[in-house]
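Enquirer: My questions will all concern the structure given below.
The values are calculated or read from the model by the stated rules, or taken from the named source; none is laboratory data. This is a predicted model, so every value here is computed, not measured. Every residue, glycine among them, receives a Cβ derived from its backbone with ideal geometry; neighbour counts consider all protein chains shown.
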Amino acid sequence: MTPILTITLNPAVDLETATQSLTPGPKLRCDPPQLDPGGGGINVSRALSELGGDSLALVASGGGMGAVLEGLLSREGVRVRRLEAPGETRQSLSVFESGTGKQFRFIFPGPDWTEADVARAETRIAETIPTDGLVVLSGSHPPGFPDDFPARLVARCNEVGARVVLDTSGAALRALSAGRISGLDVLRLDLEEAETLAGHRLPSAGESADLADALRAKGVARVVVLARGAEGSVLVSETGRWLARAADVPVRSKTGAGDSFVAGFTLGLSRGEPLPDCLQRGAAAASAAVMTGGTRLCRREDAERLMAECPVQRL
C-alpha cells in the first residue's frame with residue numbers, strides 16, 4: 001500500500017453532549033460529555049484505520065488540550081507525529097437537542113500563527129512527507145496560516161514524488177478561486193464549496209461535472225471530485241466522468257461524512273484501484289458515516305456492505 005500522510009493544521013477536541021432544549025437564561029442540564037479527536041486530517045486517519053488502512057497523522061497541537069487530543073488519538077490506535085502549534089489546541093462543541101432532534105455546532109478558532117511559526121511548520125512537514133506517498137491535507141487553516149499553503153505543499157511533495165489530496169475550505173478555497181493553487185493530484189469539494197467557487201448553483205450532476213472538468217483543464221488537479229450530498233459524488237479525470245450514488249440509509253448525523261469519503265477514496269488510491277472503484281469506496285464510506293451519531297465516523301462493516309448500494313455510472 002502506498003504510504004499515506006494526513007496533515008491537520010487546525011485540530012480540535014470535539015465535545016459532544018445533549019440536553020432537552022436550548023433556551024436562553026436557565027442553566028441547561030446536559031448528558032455526560034463525549035470527547036473525540038477532531039479536524040479533517042485527523043478524521044481521515046481515524047476512518048482509514050477503521051477501514052483497514054494505515055496512515056501517519058501529522059497534527060499541529062499545543063498546550064493542555066493538545067495533550068488531551070494526542071491521548072485520544074493514541075487510544076484509537078492512530079499513529080501521530082506532533083507539529084508544535086503556537087498556542088492552545090482549540091475545542092468545538094456539539095449539542096444535540098433531544099426534544100427536537102436538532103444538532104447545534106459551535107466552532108472556535110485555533111491559535112494565531114506568525115510567519116516564523118509557519119516557517120518552522122513547513123520545515124517539519126517537509127521532513128515528514130513520505131517518498132512516493134499520498135499526502136492528505138484536510139480541514140481549515142488556523143489564523144495567520146497562508147491561504148496558498150496547498151500550493152507550497154505541492155511543491156514540497158514534487159521533490160519526493162508524493163501526491164497531494166486536498167479537501168479544504170475557507171481561506172484555501174479563496175486561494176483556489178484566485179488561481180493560486182494548482183498541481184494537486186486530487187481536489188475534493190462539497191456542494192456548497194463548489195457552488196461558491198462557481199459563483200452560481202449547480203442543480204445537476206452534469207453541471208458539477210462541467211465545473212470539475214474546467215478545474216481539471218486549468219491544471220488545478222489531475223482528479224476533481226465534487227460531492228452532491230444525498231445524490232452522491234461526481235468524479236472527473238482525463239479519462240472520463242463518473243457519478244457514484246449515495247446509499248439510501250437512515251441519516252443520524254452528516255458530521256464526518258466528507259472525511260470518511262476522503263478516507264475511503266484515498267485507501268483505494270493507495271491500493272492502486274481504478275478511479276471509479278475509488279469513487280465507489282468513498283461513497284460507501286460516506287454513506288456509512290451518516291448512519292452513526294454525533295461526531296462518529298464510518299464503521300468498516302457498514303462501508304463494505306454498502307459498496308454494492310453505491311453504483312457508479314458514466315456521465
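Enquirer: Evaluate the following for Val236: is it β-branched (Val, Ile, Thr), surrounded by 18 or more Cβ atoms within 10 Å (Cβ to Cβ) and in contact with a strand residue (DSSP E or B) (Cβ under 9 Å, 6 or more places away or on another chain)?
Expert: When the stated conditions are applied, Val236 passes them.
Enquirer: While we're here: Scan (1) in contact with an Asp or Glu (Cβ under 9 Å, 6 or more places away or on another chain); (2) more than 22 Å from Leu5 (Cα to Cα) for the single condition Lys218 breaks and write down its number.
Expert: (1) is the only condition that Lys218 fails.
Enquirer: Being of a type outside the set (A, V, I, L, M, F, W, C) and either surrounded by 12 or more Cβ atoms within 10 Å (Cβ to Cβ) or touching a Lys or Arg at 6+ places or on another chain (Cβ under 8 Å) (or both) is the filter; apply it to the range 105-119 and report the residue that is modelled with the lowest pLDDT.
Expert: In this case the residue turns out to be Arg105.
Enquirer: Here's a follow-up. Quick one: what pairs do we get from the range 99-121, first residue over 19 Å from Pro11 (Cα atoms), second at pLDDT 90 or above and in a loop (DSSP other than H, G, I, E, B), C-beta under 6 Å, 6+ apart or different chains?
Expert: Gly99/Gln20; Gly99/Ser21
Enquirer: Contact list please: Cβ distance under 7 Å, first residue in the range 230-253 and within 13 Å of Arg314 (Cα to Cα), second residue of a type in the set (Phe, Trp, Tyr) and assigned to a strand (DSSP E or B), pairs at least six apart or on different chains.
Expert: Leu235/Trp242
Enquirer: Also, I was wondering about something else. Name the residues in the range 1-11 that are at pLDDT 95 or above and in contact with an Asp or Glu (Cβ under 9 Å, 6 or more places away or on another chain), would you?
Expert: Thr2, Pro3, Ile4
Enquirer: Ok, one more. Can you pull out the residues in the range 235-281 that are polar (S, T, N, Q), in contact with a Leu (Cβ under 8 Å, 6 or more places away or on another chain) and under 27 Å from Ser94 (Cβ atoms)?
Expert: Ser260, Thr266
Enquirer: Tally up the residues in the range 293-315 that are more than 19 Å from Ser49 (Cβ to Cβ), not hydrophobic (A, V, I, L, M, F, W, C) and not in a loop (DSSP other than H, G, I, E, B), please.
Expert: 3
Enquirer: If you check Thr131, Thr123, which single one turns out to be over 21 Å from the mean Cα position of the chain (by Cα) and either modelled with pLDDT under 95 or not in a helix (DSSP H, G or I) (or both)?
Expert: Thr131
Enquirer: Out of everything in the range 136-150 that is among the small types (Gly, Ala, Ser) and touching a residue at least 60 places away in the same chain (Cβ under 8 Å), what residue ends up being farthest from Thr89 (Cα to Cα)?
Expert: Ser138
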